[in-house]
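See below for the structure under consideration.
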Amino acid sequence: MNAKAKANKNKQSVREFFGSLKYALYIMTHPFDGFWDLTHEKRGSMAAAHVLVILTFLTNLWNMRFENFMFNPTRWERVNIWTQIIGILALLLVYCVANWCLTTLFDGKGRLKDIYMGMAYSLTPYILIMNPITIISNYVTKEEGAFITYFEALALGWAAALILVSVMQIHDYGLGKAILAIIFSVVGMMVIVFLVLLFFSLVSDAIAFFVSIAKELIFRMY
């Protein structure tokens, strides 16, 4: 492949990436068609989904750091950035795994990749609304705080509605089945977290047991 062909291929890849990222705006206003085409017509991409997840991390940190203290009591000096990032990432991944495990048992059509992309694209309203609201919060009075609260609720509610529609379209579920799938996915998340914590607890106890035996042997030998 010559240099010109390689450059054209790279340009095409960049255009496809930005096209799939821009598609998140279409999903916001046309969620039913948007999520169907996202997976069935390959309109989305994992690269764009990763970018949206990263932007969600940054939006959350931006909000905690710069939102007016009257609306966000978080003390920035006590915030561990890595804990926040790992916490959000773990929550997202555990939800995707729980939803995939559950829907696989109940005729869900979506793959794990599709669930992840649907979740990532659903976060677009949160990104687009929370960033300007964080700035605006520093220029309003406490009495005008209802404005901030309303738009924060709108961001979360809009994202939650998109998640519901993504489950419906990706798995080809009706509304009732999609709601039940989300509820049981949350239950599944709790089960997964419990099993992971139990596993690490057992491993920790086992390591402590063998360490104590080793110390005892060394003590008796020397």
Problem set entry | 2 or more residues surrounded by 12 or more Cβ atoms within 10 Å (Cβ to Cβ), at pLDDT below 85 and of a type in the set (A, V, I, L, M): qualifying helices (runs of 4 or more DSSP H) within region 74-154 | 81-105
Problem set entry | Among (1) buried (at least 20 other Cβ atoms within 10 Å of the Cβ); (2) in a loop (DSSP other than H, G, I, E, B), the one test that MET70 misses | (1)
Exercise. Considering only residues of region 8-53 that are under 24 Å from LEU89 (Cα atoms) and polar (S, T, N, Q), which is surrounded by the fewest Cβ atoms within 10 Å (Cβ to Cβ)?
Worked result: SER45
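Residues are listed down the side, and each one gets a yes or a no for (1) under 24 Å from MET117 (Cβ atoms); (2) modelled with pLDDT under 90; (3) open to solvent by 60 Å² or more (accessible area, probe 1.4 Å):
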position	(1), (2), (3)
MET168	yes, no, no
HIS171	yes, no, no
LEU175	yes, no, yes
LEU180	yes, no, yes
ILE183	yes, no, yes
VAL187	yes, no, yes
ILE207	no, yes, yes
PHE210	no, yes, yes
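Which residues, counting only those in region 155-166, are under 11 Å from ILE129 (Cα atoms) and open to solvent by less than 40 Å² (accessible area, probe 1.4 Å)?
Step one: of region 155-166, the residues under 11 Å from ILE129 (Cα atoms) are 155-156, 158-159.
Passing the criteria: ALA155, ALA159.
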For this session: Kindly check whether there is at least one residue in region 161-182 that is under 16 Å from the mean Cα position of the chain (by Cα), part of a helix (DSSP H, G or I) and of a type in the set (Gly, Ala, Ser).
Result: yes
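Would you confirm, using the coordinates I've provided, whether VAL193 is closer than 30 Å to MET119 by Cβ and of a type in the set (A, V, I, L, M)? Working first, answer last.
Values: closer than 30 Å to MET119 by Cβ: yes; of a type in the set (A, V, I, L, M): yes.
When the stated conditions are applied, VAL193 passes them.
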Exercise. Which members of region 62-87 meet the condition of being of a type in the set (A, V, I, L, M, F, W, C) and free of Cβ contacts under 8 Å to residues at least 24 places away in the same chain?
Worked result: MET64, PHE69, TRP76, VAL79, ILE81, TRP82, ILE86
For this session: Scan (1) surrounded by fewer than 17 Cβ atoms within 10 Å (Cβ to Cβ); (2) assigned to a helix (DSSP H, G or I); (3) in contact with a helix residue (DSSP H, G or I) (Cβ under 8 Å, 6 or more places away or on another chain) for the single condition THR59 breaks and write down its number.
Result: (1)
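The values are calculated or read from the model by the stated rules, or taken from the named source; none is laboratory data. Remember, predicted model here, so these are calculated numbers, not experimental data. Note that we place each Cβ from the backbone using ideal geometry, even for glycine, and neighbour counts take in every protein chain shown. Calculation scope for accessible area: heavy atoms of the full protein, side chains included, ligands and nucleic acids excluded. Shrake-Rupley method; radii C 1.70, N 1.55, O 1.52, S 1.80 Å.
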